[in-house]
Amino acid sequence: MKKVTIFSWGYWGWGSSAAQLVNAADAVEAARGFAPMLFVDIRIQRSVRAANFSGDAFKKIVGADRYCWMPGLGNLAIRDRSLGRIAIKEPKEAETLLDLAMECQKGSRRVIFYCACGIPGACHRYEVGSLVLKAARRRGIPVELVEWPGGEPQEVRIGVPEGVLKKMKKGA
């Protein structure tokens, strides 16, 4: 069986640039020989400040055939802060996410599951990823879980005008 690659991602900072994100993801996937990704929203609730990710806004950007909301993989602690820790609403939904990724792979399409958080290890995406990997091990399915866009890290240096740096130091 061929290894299934599943991506995770946090949209923090992309709120006003969702269309550009989708274009970038499509270009990366095409360059890698894959069809456009299926975006799986694992937030427990979708009422957020980032307009392009609130409610059905992102679904409208990518199209209904490329969007799936799985609130069962959401973090209950978002609704109930007294929990004090990450608590996945329906952990068995990780099996469904794995099945979805396997089905997409048949059509040379990959899955990216996402939430708002910018730091993967500090949010519930890490727990969801662990649940998917456990489900894959139980079923004998080779899975690779990667933070999008994947690939080897690269150092990029860009020139920034001194005036911009001064403004940033002052809080811009």
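The values are calculated or read from the model by the stated rules, or taken from the named source; none is laboratory data. Since the structure is predicted, the reported quantities are computational estimates derived from the model, not experimental observations. All Cβ positions, glycine included, derive from the backbone under ideal geometry; neighbour counts span all protein chains shown. These accessible areas exclude ligands, DNA and RNA; they are computed on the full protein's heavy atoms, side chains included. Shrake-Rupley method; radii C 1.70, N 1.55, O 1.52, S 1.80 Å.
Within segment 1-12, residues that are of a type in the set (D, E, K, R) sit with their Cβ atoms under 9 Å from residues that are in a strand (DSSP E or B), at 6+ positions apart or across chains, in these pairs: Lys3/Val143; Lys3/Glu144.
Only one entry of Glu90, Glu95 meets the criterion of being touching a residue at least 12 places away in the same chain (Cβ under 8 Å), among the charged types (D, E, K, R), surrounded by fewer than 20 Cβ atoms within 10 Å (Cβ to Cβ) and not in a helix (DSSP H, G or I), and that entry is Glu90. Ala57 meets the stated requirement of being touching a helix residue (DSSP H, G or I) at 6+ places or on another chain (Cβ under 7 Å), open to solvent by less than 40 Å² (accessible area, probe 1.4 Å) and farther than 29 Å from Lys3 by Cβ.
Exactly one residue among Arg46, Arg85, Arg81 is surrounded by 16 or more Cβ atoms within 10 Å (Cβ to Cβ) and of a type outside the set (A, V, I, L, M), and that residue is Arg46.
Matching residues to (1) modelled with pLDDT under 90; (2) in contact with a Cys (Cβ under 7 Å, 6 or more places away or on another chain); (3) farther than 22 Å from Gly150 by Cα; (4) among the β-branched types (Val, Ile, Thr):
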position	(1), (2), (3), (4)
Val40	no, yes, no, yes
Arg46	yes, no, yes, no
Arg49	yes, no, yes, no
Ala64	no, no, yes, no
Cys68	no, no, no, no
Lys89	no, no, yes, no
Thr96	no, no, yes, yes
Ala101	no, no, no, no
Lys106	no, no, no, no
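For segment 18-36, indicate whether the set of residues that are crowded, with 17+ Cβ neighbours inside 10 Å and assigned to a loop (DSSP other than H, G, I, E, B) is non-empty. Yes, some residue in segment 18-36 is crowded, with 17+ Cβ neighbours inside 10 Å and assigned to a loop (DSSP other than H, G, I, E, B). Pairs, please: C-beta under 7 Å, at least 6 apart or cross-chain, first residue in a strand (DSSP E or B) and in segment 54-76, second among the β-branched types (Val, Ile, Thr)? Note: pairs meeting the criteria are Cys68/Val40; Asn75/Ile44; Asn75/Ile86; Asn75/Ile88.
Has segment 2-15 got any residue that is assigned to a helix (DSSP H, G or I) and over 22 Å from Ala135 (Cα atoms)? No, segment 2-15 contains no residue that is assigned to a helix (DSSP H, G or I) and over 22 Å from Ala135 (Cα atoms). Take segment 138-156 and flag every residue that is modelled with pLDDT under 75 and either charged (D, E, K, R) or under 24 Å from His124 (Cα atoms) (or both). Result: Pro149, Gly150, Gly151, Glu152, Pro153, Glu155.
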